[in-house]
Amino acid sequence: MTGMQGLTGGRELVMVSNRLPVDRVVASDGSSTWRTSPGGLVTAVEPIVEQLGCVWVGWAGNADERIEPFELGQMRLEPVELSSDDVELYYEGFSNGTLWPLYHDVIARPAFHRQWWDRYRRVNQRFAERVAETAAEGAIAWIHDYQLQLVPEMLRKLRPDLTIGFFLHIPFPPRGIFEQLPWRRAIINGLLGADVIGFQRVPDAISFRTIAERYTHTQALGNTLVLPATDDSPGRTVLAQEFPISIDAAAFAEVARRPETQARAREIREELGNPKRMMLGVDRLDYTKGIRHRLKAFEELLTDDEIDASDIVLVQVASPSRERVDAYRKLRDEVEVTVGRINGEHGTIGHAPLVYLHRGYTREEMVALYLAADVLVVTPLRDGMNLVAKEYVACREDEQGVLVLSEFAGAADELNDALLVNPHDIEGLKAALLRAVHMPQEEQRRRMRQMRRAVHDNDVAHWANGFLGSVASVSESRGASHASGLEEGKTGPISIVPQAFVPRSVGDRLRRIATASSLLVATDFDGTIAPIVRRPQDARILPRARQALEILATAPGVRVALLTGRSLDGLAQTGTGTSGEGWIISGSHGSELTGFDVSGVMAASGFGEPTADEAEWLHRVNRRFERVLGGEPGVRLERKPFGIAVHTREVHDEEQSRELQAAAVELGLAEGLHVREGKQVREFSVRASNKGAVLQSIRDALPVGPVLFLGDDVTDEDAFSVLGPDDLGIKVGPGESAATERVPDPAAVAAVLARLVELRTGIVIGSD
Ligand code: ADP
Ligand code: F6P
């Protein structure tokens with residue numbers, strides 16, 4: 001697997017999951033070994049950490065065991081101790097007796113116990129504290145799964161310097177089901193502590209965003225949730241979207257290619273008596289996996305003589321899981337009784353049609369089983385993804401084999417050339433099994449080829465790239481690149497998927513304008529390509545946006561313009577707009593202009609120095625504002641070449657800030673100035689210029705072609721309003737706008753610009 005180095009941009013990666021990737025197994029003689037933990041989480045995440053290295057915080061699988069941190073391969077493992085009460089109340093109780101059934105369509109009845117909830121909170125707090133003690137400054141914490149949904153919020157309080165990602169490996173339920181949870185608001189708030197929340201499927205992410213809007217003060221803008229500022233924290237955004245998980249497809253294919261694996265596959269079939277057809281099921285022994293439905297369909301086919309017990313074998317591998325939880329114990333009893341009945345009724349002395357194996361196997365043995373199987377039967381009633389289905393496909397380089405797959409597994413979104421079934425429909429399931437057993441080789445090949453393409457296109461590197469790329473881009477926009485020592489203005493080696501933040505409609509419109517022979521790319525600065533900060537002089541352009549604009553500025557037929565309310569001097573203080581960038585820059589809301597042959601534009605907009613009258617007027621205005629507002633705590637007056645700006649961002653009381661703005665406006669109008677309203681700023685000018693007028697003048701002086709304009713503030717509306725139907729206006733963040741498209745924040749703007757670069761020049765910004 002390639003393409004993941006540098007994903008974290010040099011920041012430490014801290015993985016946090018209920019279980020460590022290895023469980024400690026203690027033998028009867030007291031000696032202990034480490035064994036890979038069960039489940040899809042480890043299968044997916046392990047290859048990522050092999051490449052990236054990480055600290056991994058989690059439980060080692062046994063109660064009351066204190067284990068010192070230790071190294072394993074590229075990982076430093078930090079075991080969290082769980083007492084037997086923790087295991088009973090937090091793990092078996094709230095995690096697997098409440099959340100697991102609730103999140104899986106209430107297939108089993110979830111139990112709601114306050115004592116379980118209380119322990120869940122305490123154990124989550126312990127995990128958060130452990131991560132807070134362990135993580136390096138500016139690290140990325142990646143928290144996994146339903147057992148730890150409160151950790152993001154708890155961790156953010158303890159370590160605001162960290163960038164936090166959360167990935168839910170199981171489904172997120174529809175609102176009607178989730179709302180049953182007595183602690184629903186706390187869970188949503190817990191998750192919203194993350195910067196990025198990943199889900200397996202689109203409906204999961206939609207449901208979460210809908211519920212978050214209902215139970216908290218957030219507002220959804222596309223995939224992003226906007227959290228308002230509160231007394232304790234500034235406003236921020238949370239990306240909540242689907243990132244379908246996958247496997248290291250190449251690694252599975254490599255094991256499948258080995259002669260010894262293929263020999264073992266032949267041996268397995270011999271051991272089974274060389275049946276005409278071998279069917280296979282591989283699951284944790286979990287009631288969500290639809291094992292009972294599968295066995296019922298198989299039994300009925302045998303009973304009805306639809307299949308011949310001497311020709312066909314079903315091998316069911318069911319790995320032990322959560323054996324002390326009631327519903328799991330009951331399931332095991334039922335499955336084992338059914339297996340006995342089927343073999344008792346349909347087996348012979350030398351042959352059993354159903355082989356049931358209740359244990360774990362090595363990767364090599366699993367792959368040999370996949371190669372041996374003519375049909376893989378995956379019938380969960382609900383499953384986040386189901387990696388077994390993807391593993392089977394990845395192993396079948398011979399393009400043979402049939403996958404019968406439940407529509408209710410996440411994998412069905414990608415593997416739609418499987419025989420898709422509703423496992424509740426036993427007749428439909430029987431029909432699909434028969435169809436699979438009799439499928440011609442050519443059809444198998446066609447379907448398998450399509451499915452293999454899907455698994456290879458979205459392998460685990462692609463998943464990690466999408467998720468970690470989004471997390472890293474948040475980290476970048478929060479200036480964490482500073483903390484990690486990345487040189488300012490450089491993107492660093494972060495391999496970000498540029499599409500991460502680009503809404504589909506924006507992508508489509510970009511595609512339309514990208515190839516125009518002449519293209520003007522114009523953007524506002526603060527709040528658009530540079531995140532808003534408390535002190536204006538600290539604002540910095542996002543490295544990725546800078547890189548994109550630099551490339552565009554040198555691309556044939558493209559001009560780049562920066563239209564800012566700042567004066568040109570104020571802009572230069574931020575390290576942007578200094579010189580040599582080849583950009584057209586207009587400052588002071590269209591009153592200043594540089595980097596362009598202004599002759600034509602000048603006539604239309606009147607640039608240049610203030611006239612003598614204007615200069616005198618300005619002098620009077622400055623004195624007046626200084627006297628009336630200069631002494632107000634938190635108010636900052638910014639002198640500009642053609643006016644003055646009154647900033648109230650640092651006035652703590654909102655009411656007071658509003659009053660001061662109103663006072664400033666009164667004063668400005670009394671002086672006959674032109675007034676502009678911005679976010680916590682009121683601007684006054686002796687000239688009537690605005691961004692719309694200057695944008696119009698610039699485009700008039702260039703060859704005919706479309707304009708892209710991006711802006712976040714009220715003053716950018718002047719520019720949006722001069723755009724025509726073939727142009728593209730993109731508003732950044734909430735608020736009314738004349739723009740036709742919208743993205744949530746500057747990181748998304750950077751992604752839009754990166755996408756435009758890719759469409760125009762073929763250059764992918766930030767990839768290895
Ligand atoms: P879940 O995460 O719910 O267990 P998945 O299908 O997504 O389900 O992942 C299961 C993972 O566990 C797969 O990688 C599969 O190969 C592995 N697995 C399942 N059963 C066994 C077993 N008996 N021995 C070894 N690995 C197993
Ligand atoms: O996402 C499924 C999951 O719960 C993972 O968190 C875990 O790796 C796996 O199943 C196994 O579950 P457990 O740790 O309860 O045995």
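No value in this document is a laboratory result; all are computed from the given coordinates. Since the structure is predicted, the reported quantities are computational estimates derived from the model, not experimental observations. Every residue, glycine among them, receives a Cβ derived from its backbone with ideal geometry; neighbour counts consider all protein chains shown.
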Next on the checklist: For the chain, take the longest principal axis of its alpha carbons; what is the angle in degrees between that and the long axis of helix 259-271, to the nearest 10 within 0 to 90?
Outcome noted: 40 degrees
Next on the checklist: Straight-line reach only, C-alpha to C-alpha below 19 angstrom: list the lysines that Lys296 could link to, leaving out same-chain residues fewer than 8 apart.
Outcome noted: Lys330, Lys430
Item to check | Extent along principal axes [Cα atoms of the range 249-458; Å; largest to smallest] | outcome: 41, 35, 32
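Using r as the Cβ-Cβ distance of Glu427 and Glu81, and R0 as 56 Å, what FRET efficiency do you calculate, to the nearest 0.05?
Using R0 = 56 Å, I get an efficiency of 0.65.
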Next on the checklist: Can you divide the C-alpha Rg of the range 612-685 by 2.2 N^0.38 Å and report the result to two decimal places?
Outcome noted: 1.02
Next on the checklist: Please list, in order, the residues from the range 699-714 whose amide nitrogen is less than 14 Å from a point placed 7 Å along the Cα→Cβ vector of Thr594.
Outcome noted: none
Checklist entry - If contacts are Cα pairs under 8 angstrom and at least 6 residues apart, what is the relative contact order of the range 239-337 in percent? => result 32 percent
Checklist entry - Rounded to the nearest whole Å³, what is the per residue volume of the convex hull around the Cα atoms of the chain? => result 170 Å³
Next on the checklist: At a threshold of 8 angstrom on Cα-Cα distance, excluding pairs fewer than six apart, so keeping six or more, what relative contact order does the chain reach in percent?
Outcome noted: 10 percent
Checklist entry - Can you give the angle from 0 to 90° between the axis of helix 291-303 and the longest principal axis of the chain, with both taken from C-alpha atoms, to the nearest 10? => result 40 degrees
Checklist entry - Measuring from a point 7 Å past the Cα of His619 along Cα-to-C-beta, which residues in the range 642-674 have an amide N at less than 16 Å? => result 642-643
Next on the checklist: Please compute the contact order of the range 249-458 in relative form: average sequence separation of alpha-carbon pairs under 8 Å and at least six residues apart, divided by the residue count, as a percent.
Outcome noted: 26 percent
Next on the checklist: Could you work out how much longer the chain between Asp29 and Glu443 gets when fully extended? Use 0.36 nm per residue separation minus the Cα distance between them, nm to one decimal.
Outcome noted: 143.7 nm
Checklist entry - Roughly speaking, what is the stretch gain from Ser319 to His456, that is 0.36 nm per residue apart minus the C-alpha to C-alpha distance, in nm to one decimal? => result 46.7 nm
Checklist entry - Given R₀ = 56 Å, FRET efficiency for Glu365-Glu179 by Cβ-Cβ distance, to 0.05? => result 0.80
Checklist entry - Size of the dipole of the chain about the Cα centre, Lys and Arg at +1 and Asp and Glu at -1 on the beta carbon, nothing else charged, in debye to 20? => result 320 debye
Checklist outcome for this item: Subtracting the Cα-Cα distance of His217 and Asp326 from 0.36 nm times their residue separation yields 35.4 nm
Item to check | C-alpha long axis of helix 441-457 to longest principal axis of the chain, angle in ° | outcome: 40 degrees
Item to check | Sorted by Cβ density within 10 Å, fewest first, the residues Ser319, Ser406 | outcome: Ser319, Ser406
